[in-house]
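One structure is given here, and the rest of the page talks about it.
The values are calculated or read from the model by the stated rules, or taken from the named source; none is laboratory data. Note that the coordinates shown come from a computational prediction; the quantities given were computed from them, not determined experimentally. Methodologically, a virtual Cβ is constructed for each residue, glycine included, from the backbone with ideal geometry; neighbour enumeration extends over all protein chains shown. Each accessible area value is taken on the protein alone, full model and side chains, heavy atoms only, with ligands, DNA and RNA left out. Shrake-Rupley method; radii C 1.70, N 1.55, O 1.52, S 1.80 Å.
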Amino acid sequence: MYKVLIIDDEEPLREAITILGDWQGLGVDQILEATNGNFGLEMLRQHKIDLAIVDMKMPELSGTEFLQIVEQDYPDLLTIVISGYNDFEYTRQAIRSKVVDYLLKPVNRLDLNAALRKAIDVLEAKRKKESEFINKNITLNMSLPKLKEKMYISIIERSFKNQSNEAFLPLIGADAAGNHFVTGLLRVLNLEQVRQNRFHEDRDLLHFAVTNVINEISDNQFQAFSFLSPKGEREYIAIFTMLGGYREDASFRAQYHMKKVASSLKELFGIIVAAGLGQPYNDILDIAKSYDTAKTALDSVDLLKLKGTLVVNPADQSLSKDNPSLTSRMPLIRNALESGNMTYAKSILSEFTKKWRDSEGFSLREADRTIHEFIILLNDVASELNVPLELLRSKEEKGLRGLGIQSDFASFDQFEGLLFEILNRYSAEISKVLGGDRTSVLGNIKAYIDNHYFENIKISMFTDKYFLSREYLMKLFKGEYGYGIHEYVQKVRMDKAKDLLSDPSLKIQDISEMLGYKDKNYFSKAFRNYYECSPTEYRIVLGEVEK
């Protein structure tokens, strides 16, 4: 949209121009007015005017004088001049000032809109050219870092082809023989906390802040270039390039600068990091080896000893032995979750975390592996218990964020808390789903007993059908109805026995068979144990009561 300024001391002419112009069709959204040249200059100072329509003959400051000032102070302003005099001096000044058009009074609609269209076409052409220039520069400024990042990643992934990328090698310092390259891998331990508290959930802004701090350490001899690791948003890769010098100096300076980066990130944003450094190399393709040793160094960081920021060299590695896996205890955890016994499930998990805590070391790699493995195992448990996984996971997010859990941990205590939070998350959904299922399952079992009390009812019939353990099912049923399953079968039979014994036409042997007892004596014994009298005694007492 465009802004137009009409400068004329005659109000009728200003009004006529306002009425005659096809402003909407021309894309003009604002029309301003000034009564003379001085007021016109004041309006130019206050507003960004795209086009000025100027009367050449005005008091105080003439159109000619106005155009001369505009030519000097506002060279990008487009102008259309209007005059009632066909005067050569006005025309000469208009030509000199490169006005878009020259109109004579009285102004008619056709000529006015033709002049306006000419001016708008010029403005649109200028804007398009400026936009293309800006976009070209933005693309260039953005594409160079992206190109370098792509080259480094291809080297790390060992897919880089020297010949096809020969023209771009100077971008990464690969054209000089004496350069040394060191790879650093930096992991943000409290990324989600910082992103939420300091960056208002803006991931891009956080990534920019981290890479900017890393890259700022560059100088004439030692340069840094960093980017987000393609393997996850928590890790950043830094490529350090030392121009000339000794290999040992490159390693020392890389460690010095990485510690400086870690300190700056903590001071500026509260970011806590652990970082690993690789070996220095002269060949650009050996960045892949340097990355591997940096990754190994970072993975070997002992979580039991991690207290805040830490930078590790390859020489500092102390890889711990693999600790026992949770896999062997998952059947017990499954039973605990199935029965709703969260206390027992937590005790099993605590047993393992205590073993890890008492071990010789527990690395970041083991922590990551454990979390990944624990989620897979719990997903299997949830599936076995018919819990839809979509109840647990968000479609938009992956990993722990998909479960609604922050994945930050900067110490073993926080790692342990994270495991318990994962367990709680699954336990809540499993309990919610099984809670509804339990009610219907127990109702089905009770209804079956009520209608089939005369059959040989075994608990295994229900455990096999509903995939529940015997102990768990018996506990649930008694909690719901106050009787164990066997007890309830006995109760239904005994209640039915009293009803049948009230019919004198039925023999006790017949009643016994109707209730599922093949032996009359066994029925009589069961009846006596339940009511403290035999079936015959019950009939005698019932008869006396009826008399």
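Being of a type in the set (Ser, Thr, Tyr) and assigned to a helix (DSSP H, G or I) is a description that does not apply to Tyr236.
Cβ-Cβ distances below 9 Å connect the following pairs, each with a first residue in the range 281-298 that is more than 14 Å from Arg247 (Cβ to Cβ), a second residue that is assigned to a helix (DSSP H, G or I) and among the basic types (Lys, Arg), and a separation of six or more residues or different chains: Thr296/Arg365; Leu298/Arg365.
Any residue that is within 20 Å of Lys118 (Cβ to Cβ) and modelled with pLDDT of 90 or more - is there at least one of those in the range 59-68? No, the range 59-68 has no match at all. Flag not set for Glu421, criterion: open to solvent by 40 Å² or more (accessible area, probe 1.4 Å) and modelled with pLDDT under 85.
Checked against (1) assigned to a helix (DSSP H, G or I); (2) out of contact with any Leu (no Cβ under 7 Å at 6 or more places or on another chain); (3) modelled with pLDDT under 90; (4) within 27 Å of Pro388 (Cβ to Cβ), Ile430 passes all but a single condition, namely (2).
Restricting the range 468-480 to residues that are closer than 16 Å to Gly443 by Cα and either small (Gly, Ala, Ser) or not in a helix (DSSP H, G or I) (or both) leaves a set whose member that is farthest from the chain's Cα centre (by Cα) is Gly479. Residues that are loosely packed, with under 15 Cβ neighbours inside 10 Å and within 30 Å of Gln193 (Cα to Cα): does the range 272-286 have at least one? The answer is no; no qualifying residue exists. Going by the structure shown, is Glu421 of a type in the set (D, E, K, R) and either in contact with a Pro (Cβ under 7 Å, 6 or more places away or on another chain) or free of Cβ contacts under 8 Å to residues at least 60 places away in the same chain (or both)? For Glu421, the condition - of a type in the set (D, E, K, R) and either in contact with a Pro (Cβ under 7 Å, 6 or more places away or on another chain) or free of Cβ contacts under 8 Å to residues at least 60 places away in the same chain (or both) - is met. If you go through the range 1-37 and keep only what is open to solvent by 40 Å² or more (accessible area, probe 1.4 Å), closer than 19 Å to Asp76 by Cα and in contact with an Asp or Glu (Cβ under 7 Å, 6 or more places away or on another chain), you end up with Met1, Lys3. How many of the residues in the range 496-525 are among the small types (Gly, Ala, Ser) and assigned to a loop (DSSP other than H, G, I, E, B)? Result for the range 496-525: 3.
Residues in the range 198-216 that are open to solvent by 20 Å² or more (accessible area, probe 1.4 Å) and either closer than 24 Å to Arg247 by Cβ or under 18 Å from the mean Cα position of the chain (by Cα) (or both): Arg198, His200, Glu201, Asp202, Arg203, Asp204, Leu205, His207, Phe208, Asn215.
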